[in-house]
Amino acid sequence: MAKPRKKYDPRRRSPEQGMEAIYRSMTLADTRRLSMVQQLQVIANARMAVSDCAKDYCPAQFNMLSNLYRISKAIAAPEGLNLPAFAAVCDAAWQSLMAYYESEMEGAIPPDLLRPVNVMIDHLVSILERVPLSMYEVAARASEQALFKGVFSHFKDKTEPWEWEAALAVMDGAKAGELVERFGQDEVRIAEAARVVGAMTYTLHADRLLDFPSDMAKLRKIGPTLRPALEQMIKTAMEFEQAA
């Protein structure tokens, strides 16, 4: 007697879901874990980012906390270690970060908004030794890609070519007042444009040992290091424009 032909069942896993299952089984089977030094580095960087943001708003450290959220949420997801309680803690931390980012507040992030972030870090400390190394590495790469995509899209779509050129000029040592006639903008507008473009370039490409370019003097100081990265960003943005 022939076997009955299986009927198509739309509830069966899609290829993408199948890959998720394979990914989870492979990463969970990984017996390697982050070394103690790696664990301490992750936590130290997280604590430092919170400490810095408690003193004053720093885009680089804010991005560090956003990055930590994405990694933690990937670990807590069903495709990761499947930790619903940790996922809820991560969501609470993200809501606090977004509450600050989308508000009119400036300067230091208030303690009540940093508290959920600290709770997320505390939970991560308690489970980090259980996280397979490959799972952490995949989550970290995915988070970095998400950050790059978001910042570069903003750079490409929300800033203008004259702002790119102004930032390059400042990186070469120019002062905002010297660029008024060249760009037809007032000094304040030029300085703001250069700082924004400089911050994006730093976020995507800079060595974190460099000072964040929060003002024109700092942007001029690290300009020679950032300039090649900004030139590449401009080239890539123009290639996107030509391909559109």
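The values are calculated or read from the model by the stated rules, or taken from the named source; none is laboratory data. Note that the coordinates shown come from a computational prediction; the quantities given were computed from them, not determined experimentally. Glycine also receives a Cβ, built like all others from the backbone with ideal geometry; neighbour counts cover every protein chain displayed. Keep in mind that these areas ignore ligands, DNA and RNA; they rest on the heavy atoms of the full protein, side chains included. Shrake-Rupley method; radii C 1.70, N 1.55, O 1.52, S 1.80 Å.
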- Query: In the range 146-169, what residues are surrounded by 15 or more Cβ atoms within 10 Å (Cβ to Cβ) and charged (D, E, K, R)?
  - Reply: 156, 163, 165
- Message: What's the number of the only condition in (1) in contact (Cβ under 8 Å) with a residue 60 or more places away in the chain; (2) among the small types (Gly, Ala, Ser); (3) not in a helix (DSSP H, G or I) that residue 134 fails to meet?
- Response: (3)
- Task: Kindly provide the set of residues from the range 162-180 that are of a type in the set (Val, Ile, Thr) and farther than 19 Å from residue 214 by Cβ, ordered by number.
- Result: 180
- Those residues of the range 70-107 which are assigned to a helix (DSSP H, G or I) and either farther than 24 Å from residue 132 by Cα or at pLDDT below 90 (or both), in sequence order: 92, 95, 96, 97, 98, 99, 100, 101
- Inside the range 178-219, can you point out the residues that are open to solvent by 30 Å² or more (accessible area, probe 1.4 Å) and touching an Asp or Glu at 6+ places or on another chain (Cβ under 8 Å)? 180, 183, 195, 196, 218
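Yes/no per residue for (1) within 15 Å of the chain's Cα centre (by Cα); (2) over 21 Å from residue 30 (Cβ atoms); (3) among the hydroxyl-bearing types (Ser, Thr, Tyr); (4) open to solvent by 40 Å² or more (accessible area, probe 1.4 Å):
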{"residue": "48", "(1), (2), (3), (4)": "no, yes, no, yes"}
{"residue": "51", "(1), (2), (3), (4)": "no, yes, yes, yes"}
{"residue": "65", "(1), (2), (3), (4)": "yes, yes, no, no"}
{"residue": "73", "(1), (2), (3), (4)": "yes, no, no, yes"}
{"residue": "88", "(1), (2), (3), (4)": "no, yes, no, yes"}
{"residue": "97", "(1), (2), (3), (4)": "yes, yes, no, no"}
{"residue": "118", "(1), (2), (3), (4)": "no, yes, no, yes"}
{"residue": "136", "(1), (2), (3), (4)": "no, no, yes, no"}
{"residue": "139", "(1), (2), (3), (4)": "yes, no, no, no"}
- Note on the structure: Result of the Cβ filter at 6 Å on the range 76-102, keeping first residues that are in contact (Cβ under 8 Å) with a residue 24 or more places away in the chain and closer than 18 Å to residue 64 by Cα and partners that are surrounded by 13 or more Cβ atoms within 10 Å (Cβ to Cβ) and of a type in the set (S, T, N, Q), at least 6 apart or interchain, is 90/72
